Amino acid sequence: MKLTPPCLQSLSPVFSHELLAPLPRFSPFHFIFRKSRGVGYRSSYCKNMNNEGDIMEHVVFDGAQVMVGNPHLLQTKISSTRIDGPSKLQVIADFDATLTKYWIDGQRGHSSHGLLQQGNAEFDLKRQKLYDYYHPLEIDPTIPLDEKAKLMEEWWEKTHALLIEGGLSYGAIKSSVANSRIAFREGVTELFELLERSNVPVLIFSAGLADIIEEVLRQKLHRSFKNVRIVSNRMVFDQNGDLVSFKGKTIHVLNKNEHALDMAGPLHDQLGDANGLTGDVFSVKTRTNVLLLGDHIGDLGMSDGLNYNTRISVGFLNDNIESSSDSYRSAFDVVYMNDAAMWGVVKLASQLCSTLDD
Ligand SMILES: [Mg+2]
């Protein structure tokens, strides 16, 4: 397969000097910077002349602004995943600000939940008030996790009840998506296509709404993928296209993981392809290597419930880069910064799906 990633020469502003210091001394990721108005620009980099460095340079860089905390560990994980082959691999991805862009035309992109306009101002306001009350609780580090999980469940259930009570049609979802500020990162289509060709399932875990995410996929990518499934809250519409209930248990920010596979509503109702991948491919419990994509450290919990052998985690650090860089570099194997495109992940996935002889 021939990929056409952006040229390595057309590099954009990179992270600041402070981010360089903690990198291992012999890391292949030593950059040379020149300063310009307080922002570091990558002008060239020093290759570590060993195979490890060379391979990883091709795998994860691809012009993006990237941190790798432990190159040796990453290379070990890449090698062992390749040995097991694509039949043992699954991809687990968060949706908002991971597959989608964080910034769009200088403004924050919408989330799949945030874009929804119920078509009823009174109920849009009621849902906003719930957000104003519960969101500070969600990010309050002093609340114990079990207590917070109950609060999150309460929030989600009240929101879902308002969507039913205030009325929501499938048509409103379509028009909300059409009018929203949401876009996929460049390279997402190519990533899904590559994984589809290799019969590697992609599970998109989201505490949002599956029906909205599917509509975003439909409107923004203009095609479906037989290997992509949404694990999220799924709506039930009546014959008139009006929301009447939700399927399965509520999936919120603190329980969106492989356990949710068992409690979510049926997957892939509407994007499904009659000739799509069968249950064998989606026997994800037997696929013991994971490529995980997320934009929050909490997204690492998406692989909870899976007894994996190797997990390669990729983080997107979209904002507050200086204050969060240390924690992201420690938590994820690879960190892409500044709302990077997906091209580095495409290359990484291409490596993981190739044989050792390629
Ligand atoms: Mg996210």
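Tabulated values for the structure
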| quantity | calculated |
| --- | --- |
| Extended-chain gain in nm, criterion 0.36 nm per residue less alpha-carbon gap, GLU193 and GLU165 | 6.2 nm |
| Derived scalar couplings ³J(HN,Hα) [the range 111-124; Karplus, 6.51 cos²θ - 1.76 cosθ + 1.60; whole Hz; x for Gly, Pro] | 8, 5, 7, x, 7, 6, 10, 6, x, 8, 4, 4, 7, 4 |
| Amide proton proximity set for LEU292, modelled H, under 5 Å, gap of 5+ | ILE92, ILE312, SER313, VAL314 |
| The range 204-249 shape via C-alpha gyration tensor axes, a/c threshold 1.5 | oblate |
| Share of alpha-carbon pairs per 10 Å distance bin for the range 107-178, given as whole % | 18, 46, 28, 8, 0 |
| Which of GLN128, ALA178, PRO141, positive extreme of dipole for the range 107-178 (C-beta unit charges) | ALA178 |
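Each value in this text was obtained by applying a stated rule to the coordinates, not by laboratory testing. Owing to the predicted nature of the structure, the values given are computational and were not obtained by experimental measurement. Note that we place each Cβ from the backbone using ideal geometry, even for glycine, and neighbour counts take in every protein chain shown.
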